[in-house]
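What follows is a short report on a single structure.
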Amino acid sequence: MPAVRLTRQLRVFWRVHRAFMRLTGGRFGRVGPMPALLLTTKGRKSGERRDVALNYLREGDAYVVVASYTGEGRDPAWWRNLKSNPEGLLTVAGKHVSVRARETDGAERDRLWARFVETDPAYAEYQRRTGRRLAVVLLERTV
């Protein structure tokens, strides 16, 4: 699947995808080669609930996501929200999972990044498009 660019059509697709993920309890929603989850965060400014559908990989009991934002020059809002308050809720495979976000670094980040790029090479293109280092985030169960 080619690396997409941030467009109005993509934003509309993301909105529809989030609604579909909510309706199915995260049971369906795969896009491309990776499964998807619905992450709920608390807005850092508004304090309101914010949902985003993200591709993920499993790492033991944790979920790995990448703050790619299609290679845009700024971090996605969900990652800025988690940096402000690392607690979140996942809806995935019909279950709700409370999580705490942690940015990976060093050898752990390198290993997880390599898995992401191997699974979906579009992430390498997203990294090439931007001057920022894409955060590889581990969402670890809290309960």
*Cα extents of the chain along the three principal axes, largest first, in whole Å?*
35, 33, 30
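At a threshold of 8 angstrom on Cα-Cα distance, excluding pairs fewer than six apart, so keeping six or more, what relative contact order does region 17-143 reach in percent?
Values: 238 pairs, mean separation 36.2, N = 127.
Relative contact order here is 29 percent.
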*Portion, in percent, of the accessible area of the chain that falls on carbon or sulfur, probe 1.4 Å*: 51 percent
*Please give the per residue accessible area of the chain, computed with a probe of 1.4 Å over protein heavy atoms only, in Å².*
55 Å²
*Find how much the distance from GLU87 to ASP51 grows on full extension, using 0.36 nm per residue of separation minus their present alpha carbon separation; answer in nm with one decimal.*
11.7 nm
*Which residue, LEU90, LEU54, LEU23, has the most motion in a Gaussian network model of the chain that connects Cα atoms within less than 10 Å?*
LEU23
*Separation of alpha-carbon centers, region 24-79 and region 93-110, rounded to whole Å*: 11 Å
*Theoretical FRET efficiency, 1/(1+(r/R0)^6), r = Cβ-Cβ of ALA107 and ARG80, R0 30 Å, to 0.05*: 0.70
*For THR130 and PHE20, what is the calculated FRET efficiency with R₀ set at 35 Å and r taken between the beta-carbons, to the nearest 0.05?*
0.80
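The values are calculated or read from the model by the stated rules, or taken from the named source; none is laboratory data. Given the structure is predicted, the values throughout are model-derived calculations rather than measurements. FYI the Cβ positions are ideal-geometry reconstructions off the backbone, even for glycines, and counts take in every protein chain you see. Please note that ligands, DNA and RNA were not included when accessible areas were found on the heavy atoms of the full protein model with its side chains. Shrake-Rupley method; radii C 1.70, N 1.55, O 1.52, S 1.80 Å.
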